[in-house]
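Notes follow the structure.
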Amino acid sequence: MAASTEAPEPWYLALLGFAEHFRTSSPPKIRLCVHCLQAVFQFKPPPRVEARTHLQLGSVLYRHTKNSELAQTHLEKAWFISQQISQFEDVKFEAASILSEFYCQQNLVDSAKPVLRKAIQISQQTPYWHCRLLFQLAQLHALEKDLVSACDLLGVGAEYARVMGSEYTRALFLLSKGMLLLMERKLSEVHPLLTLCGTIVENWQGNPIQKESLRVFFLVLQVTHYLDAGQVKSVKPCLKQLQQCIQTISTLHDDEILPTNPAALFHWLPKEHMCVLVYLVTVMHSMQAGYLEKAQKYTDKALMQLEKLKMLDSSPILSTFQVILLEHIIMCRLVTGHKATALQEISQVCQLCQQSPRLFTNHAAQLHTLLGLYCISVNCMDNAEAQFTAALQMTTHQELWTFIVTNLASVYIREGNRHQEVRNYMFFWRIFKQCNFDFLSSHCLRAAAFYIRGLLSFFQGRYNEAKRFLRETLKMSNAEDLNRLTACSLVLLGHIFFVLGNHRESNNMVVPAMQLASKIPDMSVQLWSSALLKDLNKACGNTMDAHEAAQMHQNFSQQLLQDHIAACSLPEHNLISWTDGLPPVQFQPQNGPTTSLASLL
């Protein structure tokens, strides 16, 4: 029995209907769905039905089962057969797209590329699929860190969309290219591209949600560009526009009228994903600026929304958002004196990375960096050094590398006898000997480098030199509202003036440092400031003020001590010894703290 090419045979429609019924059942009955689709081949169907059925079977097996070998066989047959059939674009190009996605998941990237290239070559008369396949191949190159090839493909897509008369899709291609150029640090190419994108977005008149989503994409790039450059104050107008834009989108109803231009049948992200992304960049801004309570508030909102989305959506980007949010809030916890909570959240990041090798590859350096920061907070300096050293070997990202090395320098300085190692380190040779920070693109990291230089000079007793570097830090941190760096610089300057016997100037530094640290709130700076205020008031004969400062110092000490004991007693504390391979899945319980509290108290 053969099916007619003009109209589907009843047997085919019946089997297809049963298969879809089983697939969409709650819970899905995938085995029965597969049986129904496999039964189609018993009727020796014509090539069109055969190719479509192979595609449906391959898709179901790929999405819903672990039978990857059979899924691959069906998808390859769908792609092979469909290429022999004229005017069969949807099945042909969907087969190419899903087969390439499958290959990538199986780490067969070299098999995916020729499929996509062939599909792109023969799809030029099918605008939707041609654009979609260009995006897909560009994404594949980006995942391989071949950003040059990815940018070239996105440029081709932008020109194709322009010829096809879709300024909307042209903007999507150009904004995607801008995102990759930002990742490549090619700022001279980014600025004219973003200027062009801004003009296209503002001039384009179309679906309101599509227009606002383009604006969100554009503003997210602008905001992250400022934040990467450590320009926390300068970014505020863009961030405010972005927050207003996402509020506008949330009030708009999805327009079911599809664009008439097939090249424009795309959207960047669902509204719900965009909302989480805006929360994320707001958290990044709050963290850099030192508004840690605000960062906590927006993190809680974002994580709550993510949990809801992940129950319905398995998109990998949601796990990426979750990891980045956790990375930022962990740093907040360490600053605010919640080390035990930070350690549990580090463990949560480990679990997310265990579930996704790609996620681990992209965030392993950050994970070891966070563990290094935790080790500093509990005074495990040898472990901190090991964690930072492991992190350095896993990243080529300039800003992250600089951040890691800056913290590694603080470890050497705090250990008291490692100054020669600091000097011998190539990075610190450039910083400490030449004091040349121009190679750092981040304003925030340049200011931090001056602070580290001042800290080293302080420990070496070169107080005038230390003051000079710390004043440079203050100048830079005040210019961009880097509150935590300002507080650290003020208290260190106060300490220097106290050592030099200039009590009045010391007080002028320490009091605002304490006020700013309380606002952040930064427990370590508050502990340091209260100790200085106690000694300062005692030296000046202010008995009542000295007593009050001593009480504050005692309270901060007790809070940090209790948190220290709680953190070091957790089984997750064993993570400080992990420096290679995947993070451990299980942890042995601790008997109790094994580190000194001297540096805290």
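Per-structure values
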{"item": "Rounded accessible area per residue of the range 450-555, 1.4 Å, Å²", "result": "44"}
{"item": "Surface accessible to a 1.4 Å probe, S410 within the full protein complex, Å²", "result": "20"}
{"item": "Sum of -39500 (n - 2.57) over DSSP H runs of 4+, divided by residues of the chain (222 nm, nearest 500)", "result": "-24500 deg cm²/dmol"}
{"item": "Accessible area of the range 450-555 belonging to carbon and sulfur atoms, whole % at 1.4 Å probe", "result": "51"}
{"item": "Hz values of 3J(HN,Hα) by residue in the range 100-109 - Karplus curve (6.51, -1.76, 1.60), Gly and Pro given as x", "result": "5, 4, 4, 4, 4, 5, 8, 6, 10, 4"}
{"item": "Nearest-10 value in Å² for the accessible area of M394, using the 1.4 Å probe", "result": "80"}
{"item": "F173, F459, F556, reordered so the largest accessible area comes first (probe 1.4 Å)", "result": "F459, F556, F173"}
{"item": "Accessible area in square angstrom per residue, the range 1-94, 1.4 angstrom probe", "result": "58"}
{"item": "FRET efficiency for Q241 and R162, using Cβ-Cβ distance with R0 set to 35 Å, rounded to 0.05", "result": "0.85"}
{"item": "Solvent-accessible surface ranking, highest first, for S82, S356 at 1.4 angstrom", "result": "S356, S82"}
{"item": "Lys, Arg +1 and Asp, Glu -1 on Cβ, resulting dipole of the chain about Cα centre, debye, nearest 20", "result": "740"}
{"item": "Counted charge near L116, where neighbours are those whose Cβ lies closer than 11 Å (Asp, Glu -1; Lys, Arg +1)", "result": "+3"}
{"item": "Signed unit charges on C-beta, dipole axis of the range 443-551, positive-most listed residue G454, A479, N537", "result": "G454"}
{"item": "Residue range of the chain that is longest and free of GluC sites (Glu not before Pro) which are both DSSP loop and sparsely packed (at most 11 other C-beta within 10 Å)", "result": "257-601"}
{"item": "Charge dipole (the chain, unit charges on Cβ, about Cα centre) - positive-most of L269, P357, N574", "result": "N574"}
{"item": "In sequence order, calculated HN-Hα J values of the range 307-315 (Karplus, 6.51, -1.76, 1.60; Hz; x Gly/Pro)", "result": "4, 5, 5, 5, 6, 10, 9, 9, 4"}
{"item": "Of K44/K113; K294/K339; K475/K538; K145/K236, those spanning more than 22 Å from alpha-carbon to alpha-carbon", "result": "K44/K113; K475/K538; K145/K236"}
{"item": "Calculated FRET efficiency for the pair I85/E307, C-beta based, R₀ 51 Å, to 0.05", "result": "0.70"}
{"item": "Farthest positive-ward along the range 19-111 dipole, Cα basis, beta-carbon charges - from F93, C33, P47", "result": "C33"}
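The values are calculated or read from the model by the stated rules, or taken from the named source; none is laboratory data. Since we're looking at a predicted model, the values are computed, not measured. A quick note on method: Cβ atoms are made from the backbone with ideal geometry, for glycine too, and the neighbour counts reach across all protein chains shown. Side chains are part of the model used for accessible areas, which takes the heavy atoms of the whole protein and leaves out ligands, DNA and RNA. Shrake-Rupley method; radii C 1.70, N 1.55, O 1.52, S 1.80 Å.
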